[in-house]
Structures are given as structure tokens and as C-alpha cells.
């Protein structure tokens, strides 16, 4: 542009010089014309007076014509020069306007570049903030997801790593997948229905839900879903936060179980106190019944043998009841166990004898099979008898009223390791597979009116004697409980 302006300026200066030269020549021709006219006038006058002057006049007249011709050429050249001057002047004016426009556009371009640099810096800061937020969302332990609320089936448009880890779905599997179809069929359908209603009505949701991951893992999650609104107030997205509270729920459940166990222990403790007091109160009327029955038997001796036989049954049952009360009081009495050598066979026979009446009422047969020559075991007689009583009582409860085979066998033998094995086998309904692992857990019971203490206490007693207590289902029907005790030396005291 500068070169063009310089060239045009140089050309204008040249034309101005030529114009000045033409104007100077024009003035000279005008003066010469005036002189020639004067001479023509003089010559004309002279022609009149002399003929010799006509040729001179003709010559001067030719010169005058030539001068006029040169004058017309000078005028035309002057007009062309003036036209070029006008064109150049207009070009200069146009160039000046273009320079102003170029300056204005240059300024605007500088402003645009400044704004562009500011925009780039702002965009970089925004991108940095987005990167920080994305990294924070990806690194958090809570599952984060975003739902597009403007599409009818509510697809997921973003899910973080913790969400995939929690649900078991990959990013490719959740991308554009309807959030309402994500829950497993085993999830709590009532809560799932509440979530769907909240999303469809553009309302927030807050609550816990039990669900299954894609790999079958069961988990509890605390779910928060919040609607995100656009400038016009309409809901454009839903932001979801999902925290795995499985361990928290397990701790709460364990705490509740411990609290229930504590309350149960408290009730059992009160029950023990009540039973101990009741046993003491029952002992007195049993003693009176025994005295009256013995007195009546002596008075009716030889008079009525049938009545005498009935009185004998009353005396025997009274003594058996008194023995049960005595054992019960001994069981509930605080004190250290009396560890003595015990003939396990005799202990089993005496214990089965205590259960004979109950077995007759239930129409259950009890068979005892004892290996001959078993060595004694060292232990507390009351505690071991309580274990056998509990196992036989559980076998009674396991045999339902509608079962045709109604039998229990109690056996004792010595295994290859030298331990005494006592087994109580029944023909009942057996043990559910899911109950076997927790069968000896405190307060676990499969009976509607059970306390869940018997088997737990029995295992503790056997383990305190250096043995073990376990159970298994029989191949045909029923179950077998058996405990092992270390065999003692014969003749030991």
C-alpha cells in the first residue's frame, strides 16, 4: 500500500510539472499571438499601402495558424493533465479513506486478538477446573452418575470408576443405558419403584436400597438423586451419588444382634434365678408327697396290693422328680465343676431313664448301645448329663407327630484315637443345610419357642472337658449329634 501511494504521488508531481510547462507555453503563445495580431493589424494597414508586404502577411498568417494549432494542442494536453490530476486527487482521497479504514480494522483486529487471548486464558482455566472436577469425581470412593432428563428413557451420560466397581458394569455397558433398567430383579422393588417415580416427576430421592451387582455380589447403597435445572428452570439432568453402606449395615446388624443377645442373656439370667427359686419351692411339696406316699404304703401293706403298687410308682416318680430338681439346682448353682472319673455307660443309662416317661408320651422308642469295657472319662457328672439330656430332648423335638418312624438311639464307643465317642441319632426331619454352619451359635434356634442356648452351652461344656461337639445329617433321614471326650485311665480317681 505504501509503495502504491508513493508511485501515485510521484506521478502527480510529474504531471504538475508538465501542467506548469504547458501553462507557461500557453502564456508565451498568447503573448506571441497578441504580438502577431498587432503585427497583422500593422501589416494589414501596410498592405493597403504596399503590395510587398502581402507575402510577409501571409507568412505571419501561417505562423499565427500554427500558433493557434499549437495552442489548441496545449489546451487539450492541459485538459488531459487536469483530468489526470482529478483522477489522482480522487485516488489520493480514496487512499486516505482506505488508510483510515485499514487503521480502524487494524485496531479492531488488535482488540479481537486481545479478546481472543483473554478467551484462551479463560478457556484454559475452565478446562483446568473441568479436569480437576473430573479427577475428583473419578477418585472419590462414592459412585457418581449423571442422567439425561430430556430423553424419555433417562440414559446415563456419565459414570465414574467407583460406580462401575460397585455395580459391576463397565463404562461401555452403562454409556447411554437407561438408568431405570439398571437395577437387578433381586433389588428391593418397592424402593426401585420410588426411584422411578421421583425421576419421572423431576423430584429428588434419598434412601437406602438393597441390590445385586452384575457379578451377583449383594450390597447396600445409600442413594441420593438430585435434579439439575437449566436457565429456564426446567430439569435437564439428574446428579446421582451412590455410597456403599454394606459394611455399615453389617455393623449395625451385628450391633443389633449383640444387643438382642445381651437382652436375651439378661432374660435368661432372670429365668435362671426364677428357676432356682422355683426348684427350691418345688422341693418342699415333693418331700411331703414322698412322706405321705411312704406312710400310705406302710399303712396299706398287705391290705390292697394294687394300691400298694400305685403308691410305689408315686414314690419312684417323686424321687425321680426330686433328682431332676437337685440336678437343676446343681446346674444353676455357681461354683467350680467337680472333675471326677465317670463311667460314661452308666451316665447314659441313668440319663435315658430320666427321659423314659417323656419318650412314652411321645410314642418314641429309645435304644442304648454301649461298647463293653470302655475306659472312664474325667469330667463333671452334672454338666455331662446336662449335655446328653439336651441332645435327647432336641431329638424328641425333631421327630414330628406325622412321622411313622419314631426312634432314637444313644451309643458310646471308643475310636481309633482312643477317645470316647457318644452319639445321639434320631429319625426326625434332619437339619437344613443353611442352618448347619450356625447350629451352635448363641441364641440361634429353629424352634418357635426355643431359646437358642442349649446347643451353644453344650458345646462350651464339651470343649471345657477337652472334647468336641458336632452334628451331621443321616443318609436316610434324621440327624446325628456326637461328642468326643478324652479317655481316662482305669482306676484313676
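The values are calculated or read from the model by the stated rules, or taken from the named source; none is laboratory data. None of these values were measured; they are calculated from a predicted model. Cβ atoms come from the backbone with ideal geometry, glycine included; neighbour counts cover every protein chain shown.
General remarks:
- Residues (under 17 Å from the mean Cα position of the chain (by Cα) and not in a strand (DSSP E or B)) located in segment 122-148: 136, 137, 138, 139, 140, 141, 142
- Single match in 382, 392, 420, 388 (criterion: touching a helix residue (DSSP H, G or I) at 6+ places or on another chain (Cβ under 9 Å) and in a strand (DSSP E or B)): 420
- Contact map, segment 396-424: residues that are on the phi > 0 side of the Ramachandran plot and in contact (Cβ under 8 Å) with a residue 40 or more places away in the chain paired with residues that are buried (at least 17 other Cβ atoms within 10 Å of the Cβ) and assigned to a strand (DSSP E or B), Cβ distance under 7 Å, separation 6+ or inter-chain. Pairs shown: 418/487.
- For segment 363-374, the count of residues that are farther than 13 Å from residue 426 by Cα, in contact (Cβ under 8 Å) with a residue 40 or more places away in the chain and in a helix (DSSP H, G or I) is zero.
- Residues of segment 358-379 classified as under 23 Å from residue 461 (Cα atoms) and in contact with a helix residue (DSSP H, G or I) (Cβ under 8 Å, 6 or more places away or on another chain), total: 5
Residue by residue, here is whether (1) modelled with pLDDT under 85; (2) under 49 Å from the mean Cα position of the chain (by Cα); (3) in the same structural domain as residue 325 (by TED's automatic domain parsing) holds:
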| site | (1), (2), (3) |
| --- | --- |
| 401 | yes, no, no |
| 424 | no, yes, no |
| 436 | yes, yes, no |
| 452 | yes, yes, no |
| 459 | no, yes, no |
| 465 | no, yes, no |
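- Segment 377-393, subset more than 22 Å from residue 439 (Cβ to Cβ) and surrounded by fewer than 20 Cβ atoms within 10 Å (Cβ to Cβ), residue modelled with the lowest pLDDT: 382
- Matching option when the condition is at pLDDT below 85 and in the same structural domain as residue 359 (by TED's automatic domain parsing), among 440, 481, 396: 440
- Checklist (1) touching a residue at least 24 places away in the same chain (Cβ under 8 Å); (2) touching a strand residue (DSSP E or B) at 6+ places or on another chain (Cβ under 8 Å) applied to residue 350, failing item: (2)
- Filter pass, residue 205 being at positive phi and touching a helix residue (DSSP H, G or I) at 6+ places or on another chain (Cβ under 6 Å): no
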